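Bear in mind these aren't lab numbers, they're just calculated from the coordinates by the rules spelled out. Not measured: the values here are computed from a predicted model. Here the Cβ positions follow ideal geometry from the backbone for every residue, glycine too, while neighbour counts run over all protein chains shown.
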Amino acid sequence: MVKESYNGCDLFKELAVKNETFVQSIDSYSNEVGWSITIRYYSALHYVNYFFCKTTGKQPPKNHDLLKKELDKDPKNKTRRSSPLRCHYCKMQ
């Protein structure tokens, strides 16, 4: 069951989509790969925050360490690093 106590979840998805749209517009005009990678990283992070928010009903933590700790609390995890979302999130850093 999804909790709806924090109602700002959709903002994270909107930010992710805006970043994806923006990066697609600059990819064809720019040779600066660094900016493209940075924007894509933040888009992915916004999707992680959106998922966290939608599944927990809470606002995502403000820093990476706290978010990792919260992802570790997922009751579906059998081991510390078994959550597919957490594993992908850690690889992004």
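Here are the numbers:
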item	result
Inter-site label distance for ASN7 and GLN24 at 7 Å from Cα along Cβ, in nm	3.1 nm
Values of log10 I(q)/I(0), in the order q = 0.15, 0.24, 0.27, 0.30 Å⁻¹, for segment 22-78 under a Debye, Cα-only, solvent-free model	-0.56, -0.91, -1.05, -1.20
